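The values are calculated or read from the model by the stated rules, or taken from the named source; none is laboratory data. Since the structure is predicted, the reported quantities are computational estimates derived from the model, not experimental observations. Glycine also receives a Cβ, built like all others from the backbone with ideal geometry; neighbour counts cover every protein chain displayed.
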Amino acid sequence: MTDYRLRACKGLTLIELLVAMAISAVLIAAIYRTFIGQYKTYTVQEQVVDMQQNARVAINRMMREIRMAGFGNVSSVLPIVTIDGTFNNIINPSNDKDNIKGQHDDQITIIGAFEKVSVLVTDHAAGANIIQLSTLSKDDFDPDSNKKYVCIGGLESYTVTNVDEGGKRITLNGSLVNSHKDGTPVFKIKAITYKLNLQKGIPVLEREDNTDGGGGQDIAENIENLQFKYILDDESESDSPADASKIRLVRVTVNARTPMPDIEIRKEGELVKEEYRRRTISSNILVRNMGVSP
């Protein structure tokens, strides 16, 4: 009886085991290849989304401030003198600056009353040359540094000649042309430069506040080219206009790339290895305060 039971128990032969292992290996390889393909597609899509978002961030931040260039009748305090240079116009183009070698990238510096820092605490009559503020510190205005340009009410701008922190008063280099009510906003006039730079080998869009001396601020990474074109009041177009006061519209073009190169990408029908995916975004920005008198 025992011998019969042993002979009735069937097992796998070595050949059957090898065949089963071969079939399993083929299935696992197919599943792994599918997983790798799906993972690669997901990674590429994620990088493309990041790239497009970076380009939008770069464009949107520049659009807001370029659109407001000249706000506050700042032409009355030109030229703006800083340790980084002297700016003679509301919009200061720099064509083919080439901050990233070989890209022939541009940069732009804009002047405007971009930052509200305080308000007037009493009514101020026309003719006054001292204004009283609700708050005042050395970080707001300093006649001995770049922080010496002020705008009152978005209407008139002056150079600060003295700061009385304790009394919260500043002295202007001229007399008020208009009367201003209690609560009128007071703005700091800034010279903002947008340009490209390399940070640890990564091309970045940088915003530099020339009138605060705080250095450059990275706005967006993997922006490898930045171009500006200017539409003038006669509707002509120029890369570097002879008279920047005639600028009415700024066309900005940003070239962004993915953070990492694609392992395999088809370019012009051919398979190319280690190539970045790229996107180009352009926008036309109407400069509201150019050619307008308060």
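Observations
- Only a single criterion out of (1) at pLDDT 95 or above; (2) within 22 Å of the chain's Cα centre (by Cα) is not satisfied by Ile100, namely (1).
- Flag for Thr34 being over 30 Å from Lys195 (Cβ atoms), at pLDDT below 70 and assigned to a helix (DSSP H, G or I): no
- Lys148 at pLDDT 90 or above, basic (Lys, Arg) and either farther than 24 Å from Met68 by Cβ or more than 21 Å from the chain's Cα centre (by Cα) (or both): yes
- Options Leu198, Leu226; residue that is touching a residue at least 60 places away in the same chain (Cβ under 8 Å) and either crowded, with 21+ Cβ neighbours inside 10 Å or polar (S, T, N, Q) (or both): Leu226
- Count - residues of the range 100-119 that are buried (at least 22 other Cβ atoms within 10 Å of the Cβ) and part of a loop (DSSP other than H, G, I, E, B): 2
- Any chance Gln217 is surrounded by fewer than 17 Cβ atoms within 10 Å (Cβ to Cβ), under 25 Å from Arg257 (Cβ atoms), under 12 Å from the mean Cα position of the chain (by Cα) and free of Cβ contacts under 8 Å to residues at least 40 places away in the same chain: yes
- Search result, residues across the range 167-191 that are hydrophobic (A, V, I, L, M, F, W, C) and surrounded by fewer than 21 Cβ atoms within 10 Å (Cβ to Cβ): Leu172, Leu176, Val177
- Those residues of the range 73-99 which are of a type in the set (A, V, I, L, M) and surrounded by fewer than 20 Cβ atoms within 10 Å (Cβ to Cβ), in sequence order: Leu78, Val81, Ile83
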